[in-house]
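Below is one structure, written out as structure tokens; the observations come after it.
Please treat every number below as a calculation from the coordinates, not as lab data. Bear in mind that the values here come from a model prediction, so they are computed numbers and not experimental data. We place every Cβ from the backbone using ideal geometry, glycine too, and count neighbours over all the protein chains shown.
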Amino acid sequence: MTRNSVLTKQQAEILQQLLGKDFEEFSPLSNHTTAHVGGPADAVCIVNNSSELEQVCSQLWQWQTPFRVLGKGSNVLVADAGLQEVIVINRSKIIRFDESADPITVYAESGVNFGGLARQAAIHGLSGLEWANSVPGSVGGGVYGNAGAHGSDMAQTLTLAEILHPVKGKMRFTTADMQYAYRSSVFKRDREAVVILNATFRLEKSTRAAVEERMASFSEHRRQTQPPGASLGSMFKNPSGDYAGRLIEAAGLKGTKIGGAEISNIHANFFLNDEQATAGDIYRLIQLAKTTVKEKFNRDLELEVELLGDWAAPSHSNTEN
Ligand SMILES: Cc1cc2nc3c(=O)[nH]c(=O)nc-3n(C[C@H](O)[C@H](O)[C@H](O)COP(=O)(O)OP(=O)(O)OC[C@H]3O[C@@H](n4cnc5c(N)ncnc54)[C@H](O)[C@@H]3O)c2cc1C
């Protein structure tokens, strides 16, 4: 152990008693991110249902302990030095369809895998979430960041989200309350300390075959245009009137490697980890892409992913080419 924890010994014992093996101190976040990078959090609490999520977060607020909820870690780049906070990994998983409601809805706890939810809707012959089939995040992460694909997004699909607020308790947010913009919400912009507990989505009656056919065509498009491997998906937002991937490619950066990180040869807005990369390698590729695109085309690239931790001096790798 190299640093003091944000948790006292007594607090750690309370969480350990509550969560058993799902509580771990100084646990590497590379195990909980799709890019497979990131140093240790002071503690990781894995919660398996909504009541554990509420209980742990309320307790941490009461202790005034800094914490953050992560779903699948597919939209965050965690620094190699790790995070001096508690990370709550949300694995709540209840899904409930209401086919007698008008409109038909599905309720999902925020830890539900978004793609899995889309596939469940397909099995029920319900349309509306096909676009989410290949989004590898959680419902909570999608609600937070206004996930979207194939011409749709959260703003067009969500009807309600239930939020836990440190002072106001449980609150219901409509789509309008979320103030969605391109890959952004009021929570993401204001960095507000709230926990998304669950969300309800609007669906339409269709047939299983029709919904699955639509999902298959979206998946095929992805297979042809996006690379497999450990990544964070799209690194930058598309600037107005253009595509981040096109600009990075036109800047001649496809295939550029720093350490174990590489700008994909298939899609230049995807930065891949060959499983040896550090978060620092990826961070330096980000800086390279931003400065080169600015120099060559005078366009500013804005990150779609969130940088978590201290980026003043990211660790250096040995190999650059
Ligand atoms: C291969 C690949 C393809 C992708 N394709 C797409 C795509 O097509 N469209 C798209 O929009 N995105 C895409 N992404 C990005 C990512 O999957 C989405 O942004 C997703 O919605 C993030 O969900 P998550 O659970 O991984 O969030 P995380 O990365 O775990 O968290 C992201 C942010 O949300 C916050 N958060 C998460 N859960 C909660 C909660 N319950 N309460 C409060 N805050 C919370 C976190 O604190 C963090 O600030 C892709 C990523 C990859 C790796």
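Take every pair of alpha-carbon atoms less than 8 Å apart whose residues are at least six positions apart; their mean separation over the length of segment 94-151 yields a relative contact order of 30 percent.
So, R0 is 35 Å and r is the distance between the beta-carbons of Gln156 and Lys21; what FRET efficiency does that work out to, to 0.05?
Values: r = 40 Å, r/R0 = 1.14.
Given R0 = 35 Å and the Cβ-Cβ separation, E is 0.30.
Considering the chain as a Gaussian network with a 10 Å cut-off on Cα pairs, which listed residue, Gly38, Gly280, Gly116, attains the greatest mean-square fluctuation? Ranking Gly38, Gly280, Gly116 by mean-square fluctuation puts Gly116 first.
Taking the Cβ of Ala101 as the centre, find all other residues whose Cβ is under 14 Å away and add up their charges (Lys, Arg: +1; Asp, Glu: -1). Present the calculation step by step, with values, prior to reporting the outcome.
On the way: positive: Arg96, Arg202, Lys205; negative: Asp98, Glu99, Asp102, Glu204.
With Lys, Arg at +1 and Asp, Glu at -1, the net is -1.
Label-to-label distance, Ala181 versus Gln276, with points set 7 angstrom from Cα along the beta-carbon direction: 4.1 nm.
In what sequence do His32, His150, His165 fall when counting other Cβ within 10 Å, fewest first?
On the way: His32 20, His150 16, His165 13.
Fewest-to-most Cβ neighbours within 10 Å comes out as His165, His150, His32.
Under a 5 Å amide H cut-off, with hydrogens placed 1.01 Å from N, Leu307 pairs with Leu77 among residues at least 5 apart or on other chains.
Suppose every Lys and Arg Cβ carries +1 and every Asp and Glu Cβ carries -1, with no other charges. What dipole size does the chain come out with about its Cα centre, to the nearest 20 debye? Can you show the working numbers first?
Details: 31 positive and 36 negative charges, 74 e Å.
Using Cβ point charges on Lys, Arg, Asp and Glu, the chain gives about 360 debye.
Converting phi to 3J(HN,Hα) with the Karplus coefficients 6.51, -1.76 and 1.60 and the offset θ = phi - 60°, segment 127-144 yields 9, x, 10, 3, 4, 8, 3, 9, 7, x, x, 8, 4, x, x, x, 5, 5 Hz in sequence order, with x at every glycine or proline. Ranked for footprinting exposure by Cβ neighbours inside 10 Å, fewest first, Tyr243, Tyr283 give Tyr243, Tyr283. Rounded to whole numbers, the Karplus 3J(HN,Hα) couplings from phi for segment 37-52 are 10, x, x, x, 8, 4, 8, 10, 10, 8, 10, 9, 7, 5, 5, 5 Hz, using 6.51 cos²θ - 1.76 cosθ + 1.60 with θ = phi - 60°, and x at Gly and Pro.
Distance from the C-alpha centroid of segment 248-287 to that of segment 170-192: 31 Å, rounded to the whole angstrom.
When the chain is treated as a Gaussian network with alpha carbon springs shorter than 10 Å, the biggest mean-square fluctuation among Lys254, Lys188, Lys296 belongs to Lys296.
Note on the chain: helix-only mean residue ellipticity at 222 nm, from DSSP H runs of 4+ residues weighted -39500 (n - 2.57) and normalised by residue number, equals -8500 deg cm²/dmol.
Please report the relative contact order for the chain, taking Cα pairs under 8 Å with a sequence separation of at least 6, and give it as a percent rounded to a whole number. Don't skip to the answer; put the middle values down first.
On the way: 694 pairs, mean separation 52.9, N = 321.
It rounds to 16 percent for the chain.
When you count the other C-beta atoms within 10 angstrom of each residue and take the mean per peptide, 269-277, 79-87 line up highest first as 79-87, 269-277. Around the amide H of Val69, modelled in the peptide plane, lie the amide H atoms of Val88, all under 5 Å away and 5 or more residues distant in sequence or on another chain. Please name which of Asn49, Gly38, Gln11 has its Cα lying farthest along the dipole of segment 1-111 towards the positive end, using unit charges on Cβ (Lys, Arg +1; Asp, Glu -1) and the Cα centre as origin. The listed residue farthest towards the positive side: Gly38.
Largest mean-square fluctuation among Gly260, Gly142, Gly73, in a Gaussian network model of the chain whose springs join Cα atoms under 10 Å apart, belongs to Gly260.
Report relative contact order for segment 55-170 in percent, whole number only (criteria: Cα-Cα under 8 Å, sequence separation at least 6).
Numbers: 154 pairs, mean separation 23.2, N = 116.
Relative contact order comes out at 20 percent.
Whole-Hz Karplus values for segment 213-226 come out as 5, 4, 5, 5, 5, 5, 5, 5, 4, 4, 4, 7, 10, 10 Hz, taken residue by residue from phi with 6.51 cos²θ - 1.76 cosθ + 1.60 and θ = phi - 60°; glycine and proline positions read x.
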